[in-house]
């Protein structure tokens, strides 16, 4: 079942080229829906248990996967947002076959990242997701995509190759028989070597968190991607740095993380505030969203690096649900562009013609700026609460970013959706058919888990507790 | 008191793969007078496949001939199979493109088969003289193949190749002479035993000899700073010949290095340190020079230099770790390089390849070839799930576990540069383009078969590396090489 869940999308992404062109949207939708159904089913049975067989026995590389707790929550969000992306891509992108195939291919990479319990397997899935992301940008990107592509790929690969070396070193110095997480955990590396190996691992995760100063690829990546925002949804899901740090770094490099905690927390808090500051002066919705996402990821990083239980639960919760509403906001931006042909934040007056679109977009922004009652609030509040216990000042500075979020989001919102529609501008039509589903479903999810967060917290809490108790004198 | 007449240790079985190839070469030489070139090529292909089949039957038997001068151990057989794979792909590509490249005459096949015989001899060599003979047979045939095309470019490339190759050979021979002077033997195992504990009379002679041998091999495998000829020769030779040089010839040269440095000279000091410097230089020069290329074929030539650096990472490691990594990487390298050059050979307008800018939109004109080329480039860049990643992983792992951490970090930096220069052409192919096509639409069945072999091989070996790695991972194979 777990293999079905992970590999169904990639299978569909290959088979889609055998399907007649007119049925491709339906086929991709069915595959993504089936994957989500598989995820929901595994949630109902309490997760998918550990499965491990040797992959390259001579090297100690195993195929070890598990889908429960945090992995399951992130996997579910991935499956859900992929389905939304497939629906919108089928409607918006002309001749969408290739795009749908790439979305599904990337979905498998992401699900694999969350399921992997072997470091080499994790690396393989981590890089697998890169290829469709690059192809989406290459095929559907805008005129300046080549520099964006090169930047994105070079940052990712530089980080992940250092991670690869640190994976090799982890097994070599620890003397573990395999690369499986459980074995590596039983053969820990200690002392200064651990710190060096952690820095290698951190390089990859900081690029994908992203953490200042390794974030430079992000704005260009989003700004150059297709106007529809579909690729951006997948790119948002691909920000798995915080998950990698939680799942692997925390158990493999606990001493190093504790040692570097002040620096890392400061970097994360700075990322949150700095990105919010830059977001304020953006005039392109996609760049603004990129920096808004970066600001949120700074908060997520703060929660992870604080090594505090409350903050970590909040960080993983926020990581999961910001994927939902940031992704949906990218799609809302795509709808805006579809109607007015521009991504500028100075369009003006859309509310008068497309009331529903404007209203749903505003609701999503409320989720994003952590209005209570939406899922973002629970995450951000827990992070700040937990981080405050570790470092009050850093928590305070990072907390400023939530205020800044309201400022940059609402001022850009105002100049786009309120104010006057320029004379002679095209009439912007309102939401139609599937558009309602594309924006409505994420809002429903953000609202539901904002009010009744129990089911999602039940997935996160036990895992975080188990990891933290394994650390002993962790915090 | 007359000693009994000692017959030389001649046994045919371990020589069989080489003899079949030699027979194929002779057949190609003679048949050329009577039948068309296409038939000659098919006969050569059959000879290569028969040779491969004989290697499979020799697996795990550990035979040798001429008192150990010729070793048909598993190392030789594994590398021999990689060589044959590269040769088969070369012949397939030449079937599709030889007439356009003005190479469609039987002498091409004959020289190619002689070269393959030489490369196999290197892989099977148990002493330095056998290795040297193989190397010379290979090199001399190689010089001829490069110049066979009647064009100034090919002649210039051949001249460069010959002059620098001759320097390399001379250096190597001098090194071998000094090693013989220090140890009194040509045999790999005997050298190894003689140098154990450095109990030889003249260590200086031995060290100088091994360093000269390293320089000689440096020319052959294109280690910086001995790589200068590579871009010009690979770029100037007809593409099917570049394919042969950058795969088969390089594999054979690495087989020679493995025999000499991983086996015979394992106990000798100093060369490992020098090789480390050369490898780092190769990784940096090869990868960063490739960043500035505008011609795709020349880019692949620099990529061949860069991959020499990655391959050589395995040579400094203990053969038990490095050997299987080297063989796996060589196999993957052969597949992906041959696949990429096969596509170039099919789509180029003339033998100078095409410029990277011209690849824009290739996906919309030749979707099959474009996807195949993208797979090969992704694999060359070391992206999973393609096999190039596993090759790099093994090479990094071997070097890291041998304690060369700094070198692996240089390899990482080189890899990032590599990703950038592979990514540009790979992504350009997928960008929509409205200008008319600038490439020849030369999709031919044999070339397509070679490309398909590469894509399937690279993908399957990436997802299930054990299919190949499992065969060579057994440490017992490599302790024989190391003589322990």
Inset, instruction - Calculate the spin-label point distance for residue A:458 paired with residue A:23, positioning each point 7 Å from the Cα along the beta-carbon direction, and give it in nanometres. - result: 4.0
Inset, instruction - Calculate the mean, over all residues of peptide B:369-380, of how many other protein chain Cβ atoms lie within 10 angstrom of the residue's Cβ. - result: 1
Inset, instruction - Round to a whole angstrom and tell me the spacing of the C-alpha centers of region A:207-283 and region B:167-193. - result: 56
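Please label the shape of region A:367-475 as rounded, prolate or oblate, based on the square roots a ≥ b ≥ c of the eigenvalues of the alpha-carbon gyration tensor (a/c under 1.5 means rounded; beyond that, a/b larger than b/c means prolate, else oblate).
Oblate.
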Legend entry - Bins of 10 Å, starting at 0 and running to the largest distance - Cα pair percent for region A:72-202: 12, 33, 30, 17, 7, 1
Inset, instruction - With no solvent and one equal point scatterer placed on each C-alpha of region A:300-343, evaluate the Debye formula and give log10 I(q)/I(0) for q = 0.14, 0.16, 0.17, 0.20 Å⁻¹, two decimals. - result: -0.47, -0.53, -0.55, -0.62
Legend entry - Cβ-Cβ FRET estimate between residue A:144 and residue B:456, R0 fixed at 41 Å, reported to 0.05: 0.70
Legend entry - Contact order relative to length of chain B, as percent, for alpha carbon pairs under 8 angstrom and 6 or more apart: 16
Inset, instruction - Using only the Cα atoms of region B:157-275, build the gyration tensor, take square roots of its eigenvalues as a ≥ b ≥ c, and label the shape rounded, prolate or oblate: rounded if a/c is under 1.5, else prolate if a/b is larger than b/c, else oblate. - result: prolate
Legend entry - Ranked packing of A:218-230, B:384-396, B:434-446, B:367-379, most packed first, by mean Cβ within 10 Å: B:384-396, A:218-230, B:367-379, B:434-446
Inset, instruction - Can you give me the P(r) profile for region A:1-148? Cα pairs, bins 5 angstrom wide beginning at 0, each as a whole percent. - result: 2, 10, 19, 20, 18, 14, 10, 5, 2, 0
Legend entry - Shape of region A:260-475, Cα gyration tensor, a/c cut at 1.5: prolate
Legend entry - Estimated inter-spin distance, residue A:371 and residue B:67, nm [label 7 Å along Cα→Cβ]: 9.3
Legend entry - Largest-first principal axis extents of the Cα set of the protein assembly as shown (Å): 109, 64, 44
Legend entry - Sites residue B:159 and residue B:5, calculated FRET efficiency, Cβ-Cβ separation with R0 60 Å, nearest 0.05: 0.80
Legend entry - Mean separation of Cα contacts under 8 Å (6+ apart) over length of chain A, as relative contact order %: 15
Legend entry - Folded to 0 to 90 degrees: helix A:454-470 orientation relative to chain A principal axis, Cα: 30
Inset, instruction - Could you please state, rounded to a whole Å, how far the C-alpha centre of region B:107-166 is from the C-alpha centre of region A:109-149? - result: 42
Inset, instruction - Taking chain B as the reference, fit the longest principal axis to its C-alpha atoms, fit the long axis of helix B:319-347 to the helix C-alpha atoms, and give the angle between the two in degrees, 0 to 90, nearest 10. - result: 30
Inset, instruction - Quick one: check the C-alpha center-to-center distance for region B:428-484 versus region A:23-87, whole angstrom. - result: 29
Legend entry - chain A - Rg and Dmax from Cα coordinates, angstrom: 21.1, 72
Inset, instruction - Please give the peptides A:351-360, A:321-330 ranked by average Cβ packing (other Cβ atoms within 10 Å per residue), highest first, as a rough proxy for protection. - result: A:321-330, A:351-360
Inset, instruction - Go ahead and run the numbers for FRET between residue A:259 and residue A:466, Cβ-Cβ distance against an R0 of 25 Å, rounding to 0.05. - result: 0.65
Legend entry - Helix B:203-221 axis, angle to chain B major axis (alpha carbon atoms, nearest 10°): 20
Inset, instruction - May I ask you to order B:303-313, A:35-45 by the average number of other C-beta atoms within 10 Å around their residues, highest value first? - result: B:303-313, A:35-45
Legend entry - Range of Cα positions in region A:392-449 per principal axis (Å), largest first: 51, 32, 10
Legend entry - Averaged over A:164-171, number of beta-carbon atoms from partner chains that fall within 10 Å: 5
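Give me Rg/Rg_expected for region A:246-363, where Rg uses Cα atoms only and Rg_expected = 2.2 N^0.38 Å with N residues.
My calculation over the Cα atoms of region A:246-363 gives 1.31.
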Legend entry - Long-range tail of P(r) for chain B (Cα pairs > 39 Å, %): 17
Legend entry - Label point distance in nm, residue B:38-residue B:129, each placed 7 Å from Cα along Cα→Cβ: 4.6
Legend entry - Neighbouring partner chain Cβ atoms per residue of A:57-65, average, 10 Å criterion: 3
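Taken together, the values in this text are just the output of simple stated rules run on the coordinates, not laboratory data. None of the values given here were measured: they were computed from a predicted structure. No Cβ is skipped: glycine too gets one built from the backbone with ideal geometry, and neighbour counts run over all protein chains shown.
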